[in-house]
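Engineer: Questions regarding the structure given below will be posed in turn.
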Amino acid sequence: MSARFTFRLVRSATPLVTGRISSPLARTLPGVHRAFSQSTVRARSDVVRETEIPVSVYSPDSKGSAGSTSDHFSIPVNRDDAKPKPFPPPEETEVVPLNKTVYRQMPPTLQKMTVMDKVVIVTGGARGLGNHMARACAEAGAKALVIFDANQELGDESAAELHQKSGLPVSFFKVDVRDGAAINAAVDAVVETYGAPDVLINSAGIADSNIKAETYDPAMFRRLIDINLTGSFLMSQAVGRAMMAAGKPGSIVLVASMSGSIVNYPQEQSCYNASKAGVIQFGKSLAAEWAKYNIRVNCISPGYMDTALNRVPALEAQKKIWRSLTPQARLGNVDELNGLCVFLASDASSFVTGANVAIDGGYTCY
Ligand SMILES: NC(=O)c1ccc[n+]([C@@H]2O[C@H](COP(=O)([O-])OP(=O)(O)OC[C@H]3O[C@@H](n4cnc5c(N)ncnc54)[C@H](O)[C@@H]3O)[C@@H](O)[C@H]2O)c1
């Protein structure tokens, strides 16, 4: 039998339960005692274990008595169902775009959850999480996809592949998100080609990790802040201005990180963490400022994801620790930001702005 101890700070003349702790705090605050109560996990035999579960079904094809449209029955409880099922491998090859005929047949709720006819810019879309979010937007009905990335070769390859697989117009601009003038020129070209963008997904970013603050090179620190934080600002400013000039509502999705809210363990990465905390606060500020223009700004904060960055043998030992600190006991798949990304880009999230949503397998619960 295992036991759990819970500590509570209580205002009481005497400790609530057994075992008073003589902490300095308890001794200095009159009338305040630090007490602990012991709660014991109940023995298995105390837990009600149903063998069957009553079910009521209301549907057009239920076969209830006397023409009723309801069925009432029971289902047996199979205890073996609790066994974990293997996680399906990510589908990385196909891109199936949503066509207009299918869209028109969808119920209104699902229509709203698409990005039908929207022009979507994805930074860092040459690979990794950004590339998968670009694919997801292609599948969710985008009119055109635009990839901004600093990597010429990968950017060209991924744009060609996405076009070939989806049949959609896809453009690649070799843009460094630190370069305001290049960003402005590229956004102007997007407006000219496709019209003002409806969506920006800013996924371009870098990570420095396992670097102690006391030896961190200030030049590296500035570079990372420049890419992760200033890049988020420059991209949002250029795309936001284009949306405003066109009088179009828009959605900006900034890829932050759970590292913007917690400190990772065991690796030292103060600069990355600070940069992502900045992205989250920048996103909220922009959401408040630009609500009057109908431009929404939200952040996605991934936990540890199984991307190229993390697939290096040197990280194996750390990954073990990361998994042990994650309730779902695994890293995220590279396509597991897709659903939230499409939702935030779509009109289904029309009243969501200034939010920061974690996708971390529960890491930030602990
Ligand atoms: N992978 C993770 O575990 C994880 C966790 C939390 C947050 N994130 C964030 O998600 C985002 C994407 O991460 P990823 O794992 O897909 O990384 P990735 O390295 O696979 O992809 C990043 C892309 O950004 C591009 N890029 C980098 N610097 C750029 C610059 N200055 N200008 C333009 N493009 C640039 C790269 O060329 C690359 O194509 C990053 O912002 C990262 O901080 C990742």
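Engineer: What are the residues in segment 287-306 that are within 13 Å of the ligand (Cβ to nearest atom), within 15 Å of V352 (Cα to Cα) and not aliphatic (A, V, I, L, M), if any?
Structural biologist: Of everything in segment 287-306, just one residue is within 13 Å of the ligand (Cβ to nearest atom), within 15 Å of V352 (Cα to Cα) and not aliphatic (A, V, I, L, M), namely C299.
Engineer: If you don't mind, there's one more thing I want to ask. What residue, among those in segment 153-179 that are of a type outside the set (A, V, I, L, M), within 12 Å of the ligand (Cβ to nearest atom) and not in a helix (DSSP H, G or I), is nearest to V95 (Cα to Cα)?
Structural biologist: That would be F172.
Engineer: Taking the stated definitions as given, is L309 within 10 Å of the ligand (Cβ to nearest atom) and either not in a loop (DSSP other than H, G, I, E, B) or not assigned by TED's automatic domain parsing to the domain that holds M133 (or both)?
Structural biologist: Judged against the criteria, L309 is a match.
Engineer: Continuing with this model, one more query. Taking into account only those residues within segment 83-102 that are part of a loop (DSSP other than H, G, I, E, B) and surrounded by 10 or more Cβ atoms within 10 Å (Cβ to Cβ), which is modelled with the lowest pLDDT?
Structural biologist: My answer is P90.
Engineer: In this structure, does M235 turn out to be more than 15 Å from I201 (Cα to Cα), aliphatic (A, V, I, L, M) and in contact with a helix residue (DSSP H, G or I) (Cβ under 9 Å, 6 or more places away or on another chain)?
Structural biologist: Here the answer is no, as M235 does not meet what is asked.
Engineer: Moving on. Of the residues A213, A242, A274, A204, which is without any contact (Cβ under 8 Å) to a residue 60 or more places away in the chain, small (G, A, S) and under 20 Å from V122 (Cβ atoms)?
Structural biologist: The conditions single out A242.
Engineer: Scan segment 272-286 for residues that are more than 12 Å from the ligand (Cβ to nearest atom) and farther than 13 Å from S232 by Cα and report the count.
Structural biologist: Qualifying residue count, segment 272-286: 1.
Engineer: So which residues in segment 312-345 are in a helix (DSSP H, G or I) and closer than 30 Å to A242 by Cβ, if there are any at all? Step through it out loud before you land on a result.
Structural biologist: Within segment 312-345, the subset in a helix (DSSP H, G or I) is 313-324, 338-345.
N338, G339, L340, C341, V342, F343, L344, A345 - these are the residues of segment 312-345 that are in a helix (DSSP H, G or I) and closer than 30 Å to A242 by Cβ.
Engineer: Sort through P249, P218, P197, P266 and tell me the only one that's more than 14 Å from the ligand (Cβ to nearest atom) and crowded, with 20+ Cβ neighbours inside 10 Å.
Structural biologist: So the residue among P249, P218, P197, P266 that is more than 14 Å from the ligand (Cβ to nearest atom) and crowded, with 20+ Cβ neighbours inside 10 Å is P197.
The values are calculated or read from the model by the stated rules, or taken from the named source; none is laboratory data. The structure presented is a predicted model; accordingly, all values stated were derived computationally and were not measured. For neighbour counting, all protein chains shown are included, and Cβ atoms are generated from backbone atoms with ideal geometry for every residue, glycine included.
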